[in-house]
Structures are given as C-alpha cells and as structure tokens.
Amino acid sequence: MTCSVRAQSEGVAVLQYGSSDQQTVEFLIPPNTGRPRGTAVLIHGGYWRARFDATLMHPLAKDLTARGWAVANIEYRRVGNGGGWPATLDDVQAALQAVRSATPRDRAGLPVVGIGHSVGGQLALLAAEDLDAVVALAPVTDVARADREGLGEGAARQFMGSASTDAARAFARASPIRRVPVGCPLLVVHGDIDDRVPVEHSQDFTAAAKAAGDNVEFRVVPGLGHLEAIDPKAAHWAGVAEWMDGLMPLAG
C-alpha cells in the first residue's frame, strides 16, 4: 500500500491511503508539544451513504486534541462514491494500517483507540484487530437485523447490494454481533431515545460479546439521541474521555 501526504496546514495533515479522493485520513496533533495520550481514530457514520462524511467527527476531533490526544479522522468510500460491502471495510482497514505506519516512533506503545459512530461503530468493531480498544457510539452491530427492520430507509440493503435473505453469509460477515469476540477492550454507549439505531441492538451485542469473553462496558444514556452521541458537549462524553484515559497503562 502506497500512502502520501496530500495536504498539510498548521496542526493538520491529510494522508492519502488510496487512489480515490475519499481514501484519506486527517491527522490532528494536540496543541501542546508534549507526548500525546495516544491516537484516537475517528470513523464517522451516516448509514454508509456518500452525502455524510468525516466532517461529522470534527467536533470530537477538536475536543480530543484539546484533551491531549492525537487524532486520525478517517474518510472512506461509501454508497454513491465507490463504497459498499466489502470495499468500505477494506478502506477502513487500509486506513488503520496507514495510521499505524505514519505514527512516529516516539508514540510507540501508546494506545490507538477506534471511536466509531453508528455504522462507523460497525466498521471499528470489524477492524478491531488493528486497534487497542474501541469506543462504539450508537453502533450498528447486526446488519441483517437492520435490513429486516428497515433502518436508515433501507440503508443495509443498499450497502450490501442485496436483501439479507438472499446473502445470509455476507450479512453475517458484515455484522459485529456475528464476529465476537472482538478481542480488545470495548466501551459501547447508546442513548435510550435513539430513533436511528434502537438501543436494543447494543444491548444484544454487548450480551453476545460478554458471552464470547470480551472485556466490554455498556452504558445506556438517558435522553441521548443518535446524533447527540457525537456531541462533545453532551453529558456522556466526559465519561468516554475518562474511560479512554484509563486505557493508557494497557499499552505499557
């Protein structure tokens, strides 16, 4: 895989990890010059559709750099600009490898934490072998169930290119609930009034992950909607950041 720096400005560099203009990673460095706490890898949601992009995660990126984290904000191909299954997951895995390769030596041993929202949570969980921990915010964890329930105005069928009844194996491969154990520490956060991904999806996923032996913490947040899960001003976020800080000894 060939990577190149496409653009750079003060505090921000954009790495190109593929030939598409959608295959990029924004790198943001904390404002202080000291060693960061680790690298937070952001993976946005939007039900895999092209009209939603990595700018959704800019508020979290700004907050995390202020807290001392280096940030890698991933863009990937989506339905409508070359994505779909499995190309979208391939992009995220390639981006994570690029993040690892681009990490300076003085950050070796610091945690690389994936933070995925909605379908970004799905992608982070599926690509967790390249991460030290995952924070899944209102994640899609069962793509077949999303198809059966018609979530996201039929987004799962558009992403997979078929109905779940016609491609059961592919839907299982795309579903974190069918791929447990994930194999790294997990924090799953879901609002109880989420009308885009019902909280019951995370309840069932965390139960399956725990049964498979995963180290998983599940937090249900009263009154939290779907988009509010990526609002750093929302009440849950300080606790997420605290959980991330607690990971630092794991990387030794």
Relative contact order of the chain (C-alpha contacts under 8 Å, at least 6 apart) in percent is 16
Across the alpha-carbon set of the chain, Rg over Rh with Rh taken as the Kirkwood radius works out to 0.94
Under the rule a/c < 1.5 gives rounded, and otherwise a/b versus b/c splits prolate from oblate, where does the range 139-191 land using the Cα gyration tensor?
oblate
As I understand it, the value is the acute angle between the Cα axis of helix 151-160 and the longest principal axis of the Cα atoms of the chain; what does it come to in degrees, rounded to 10?
80
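Count charges around Cys184 for me, please; just the other residues with Cβ under 11 Å from its Cβ, Lys/Arg as +1, Asp/Glu as -1. Write down the numbers at each step before the final one.
Numbers: positive: none; negative: Glu129, Asp130, Asp132, Asp214.
In short, -4.
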Amide H of Gly83 versus every other amide H placed in the peptide plane: which residues, excluding those fewer than 5 positions away on the same chain, fall under 5 Å?
Arg78
With a point put 7 Å past each Cα toward its Cβ, work out how far His58 is from Ala172 in nm, to one decimal.
4.2
For Ala61, what charge total do you get from the other residues with a beta carbon under 12 Å from its beta carbon, if Lys and Arg give +1 and Asp and Glu give -1?
0
Would you mind working out the magnitude of the charge dipole of the range 5-149 relative to its Cα centre, with +1 at each Lys and Arg C-beta and -1 at each Asp and Glu C-beta, to the nearest 20 Debye?
240
Relative to the Cα centre, what is the charge dipole magnitude of the range 153-217, using +1 at the beta carbon of each Lys and Arg, -1 at the beta carbon of each Asp and Glu, and rounding to the nearest 20 debye?
440
Full-stretch length increase - Ala13, Glu153 - with 0.36 nm per residue and alpha-carbon distance subtracted:
46.9 nm
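Multiply the residue separation of Asn32 and Asp204 by 0.36 nm, subtract the distance between their alpha-carbon atoms, and state the gained length in nm to one decimal.
Fully extending the segment from Asn32 to Asp204 adds 57.8 nm.
Quick note: the coordinates plus some simple rules give every number you see, no bench work behind them. Predicted model only: the values in this text are computed from it and were never measured. Note: ideal-geometry Cβ built from the backbone for every residue, glycine included; neighbour counts use all protein chains shown.
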